[in-house]
Every structure is written in structure tokens, then in C-alpha cells.
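What follows is one structure encoded as C-alpha cells, with my remarks underneath.
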Amino acid sequence: MQGLFEPQAGTRYDMPAVFGSSRLPAVTKMREVRSITIPFVTDAARLRKLVPYHFDLAPDPLVYVGGGMNMGVDHMGGRDYGVVRVMVDVIAYDANGPFRAPYHLVIWESEAAPIIAGREFQGYAKIFGQIPEHTFEQGELSFQVAEYGTRLMRGGVRDLVDVPDAELAQMNAKGKTVMVGWKYIPGPGNVADVDYATKLITRTTIVSAKRGVGEFVLDRPTEQECPGSARILEVLRQLPVLEVRPALCTVGSFELHRDAVERLPSRA
């Protein structure tokens, strides 16, 4: 085997691994992140069916529909990309016991680099989507995502009011944000090669924040129109919107701590 490529123990690689160790930084920084988040209450029994068995559904869970624009991303040469996400509150478990954190049911992103990095290493449920810049028209800040030119979802926030400075300071005082993922990679013979939960750390410094009245629409694309996303939308539409909570729109800077990603222990 002399002369053949062999990964070195303790070194992280990304595919294609033969070209060297991962070029992704331990901490990814984004110059500016613009985020729109619309929380809503739904039927817990239906929602529970979408939570991976590594977690439990949190008490009084919220579902969060949102869109983001990530600007000046370091590992993309300073380029930008769009994000549309659906999250839910879960209870996860680490060596210290249970903790509450958001889990992403699905994330659409507009560039391949963050999709691949997020799926392979962090366990984010990412797929591709066409995501234009946020728009502000007639007093509404909005986002949307499409596949092959057919819209999947649209969300917007109106009646925007500045968050008080004291509350903004409290948001920033929290420091890190803990999220969880599910790293599932299928293998030959219909047996999973990888199946475990992950713990993820991010840090956001919010410069400005506004609250408002949010609303969103989940479209009804066919499998022919949107082969990657149609079934996702079909399942999400089965979650009844019982109450929409106040939406939050923020602008700030962002850090993703890859060096802090943890494999959570098995609950088996």
C-alpha cells in the first residue's frame, strides 16, 4: 500500500478527500446575516411524527418557518447565499442530561458548498432551493424559495416595530446558540452507514431587530414540477397552524463553530 493515499488519524477531510485535509475553517464567519423567523403553534401529535427518534418533542413546542440571507461567507470567498428553513423545538440528550434546542426539519439553500458542508459534517437536513433576495414592499419584509422555477413557500412580516434596546441587549447576552442535527447517511443494502444526533454551536451578534405580524404560505407543487421538495411540502401542509406568534426580523453577524460540533450519545 506504499504510496497510496490514506487519511491521517485526527485530521478532518471532506470529499474528495485525496486532495488534502478540509479547507473549511474551525469557525466560519459571515459578515452579515439577515433573518426572518415566523413561529407558530401546531398539533403536537402530528408534529411528533417528524421528530427523529434520537430526540423527544419539547413541551409546548413551536415550529419556526424562516428565511435568511448569509452575506460575506468566509469559506465561499466572501460570497452570499440564501436560506429557507423549518425548525421545531425538541429535547436532546448529552452527557449532562436533557436540554431544549431547535432541530431543522428541512433547510433549503441556494449554494452547493454550504449544503454539502452542513450535511456531511454537521448533520443538517439540507437540500437545494432557488432563493432570491428578501424584498420589502408595501411595508412587508418577505422571503421565498423555489425549485426549477416553481415556488415552494413564501413568508412575510408586516407592521414591523423596533425591538427595545434592553431586549436587544438580552438577546446578545445569551452568547452561543445550541442547535441539534441528525446525521443520517444511507448505505448499500438499505442499511444506514451513519445514524446519530449532533450538537451544534453558533454565535450571533444582533445589530438590529424588529417584531411584526408574520404569515406564510406553503405551495402545492407537483412531483413533476418539484421532484425534490413536493413531498416535503405535502407533509408540512398537514401541520395545522393553530396560532401564529409574533415574528422576528434581525440583522447581525454570525459565527458557526465547526470545532464545537459534538456527536450525541446513543439513546438505545
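The values are calculated or read from the model by the stated rules, or taken from the named source; none is laboratory data. Because the structure is predicted, anything quoted here is derived from the model rather than measured. Don't worry about glycine lacking a Cβ; one is built from the backbone with ideal geometry, like all the others, and counts go over all protein chains shown.
The table below lists the values:
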read-out: Residue that is modelled with the highest pLDDT, among those in the range 153-182 that are charged (D, E, K, R) and closer than 20 Å to D89 by Cβ; value: K176
read-out: Test: residue in the range 29-39 that is in contact (Cβ under 8 Å) with a residue 40 or more places away in the chain, over 22 Å from V207 (Cβ atoms) and out of contact with any Cys (no Cβ under 6 Å at 6 or more places or on another chain); value: no
read-out: Any hit, the range 207-224, residues being buried (at least 17 other Cβ atoms within 10 Å of the Cβ), touching a residue at least 40 places away in the same chain (Cβ under 8 Å), of a type in the set (S, T, N, Q) and touching an Asp or Glu at 6+ places or on another chain (Cβ under 9 Å); value: no
read-out: Identity of the residue in the range 84-97, part of a strand (DSSP E or B) and without any contact (Cβ under 8 Å) to a residue 24 or more places away in the chain, that ends up surrounded by the most Cβ atoms within 10 Å (Cβ to Cβ); value: R85
read-out: Check on T150, over 28 Å from A92 (Cα atoms), modelled with pLDDT of 95 or more and out of contact with any Asp or Glu (no Cβ under 9 Å at 6 or more places or on another chain); value: no
read-out: First in the range 194-205 and closer than 27 Å to A173 by Cα, second anywhere and among the acidic types (D, E) and assigned to a strand (DSSP E or B), Cβ under 7 Å, 6 or more apart; value: T198/E262; K199/D94; K199/E262; T202/E255; R203/E255
read-out: Options R231, R237, R263: the member that is over 30 Å from K176 (Cβ atoms), at pLDDT 95 or above, surrounded by fewer than 16 Cβ atoms within 10 Å (Cβ to Cβ) and touching a strand residue (DSSP E or B) at 6+ places or on another chain (Cβ under 6 Å); value: R237
read-out: Leading residue by the ranking (nearest to M69 (Cα to Cα)) among those in the range 14-53 that are hydroxyl-bearing (S, T, Y) and exposed (fewer than 14 other Cβ atoms within 10 Å of the Cβ); value: S21
read-out: Pick from the range 113-150, criterion among the hydrophobic types (A, V, I, L, M, F, W, C) and part of a strand (DSSP E or B), ranking: surrounded by the fewest Cβ atoms within 10 Å (Cβ to Cβ); value: F136
read-out: Odd one out for G67, checked against (1) touching a residue at least 60 places away in the same chain (Cβ under 8 Å); (2) within 14 Å of F254 (Cβ to Cβ); (3) of a type outside the set (A, V, I, L, M); (4) surrounded by 19 or more Cβ atoms within 10 Å (Cβ to Cβ); value: (2)
read-out: The listed residue being in contact (Cβ under 8 Å) with a residue 12 or more places away in the chain, on the phi < 0 side of the Ramachandran plot and within 16 Å of the chain's Cα centre (by Cα), out of E147, E111, E133, E140; value: E111
read-out: Test result for Y81, in contact (Cβ under 8 Å) with a residue 40 or more places away in the chain, in contact with an Asp or Glu (Cβ under 6 Å, 6 or more places away or on another chain) and not in a loop (DSSP other than H, G, I, E, B); value: yes
read-out: Residue match in the range 220-233 (condition: touching a helix residue (DSSP H, G or I) at 6+ places or on another chain (Cβ under 8 Å), within 17 Å of Y124 (Cβ to Cβ) and among the hydroxyl-bearing types (S, T, Y)); value: no
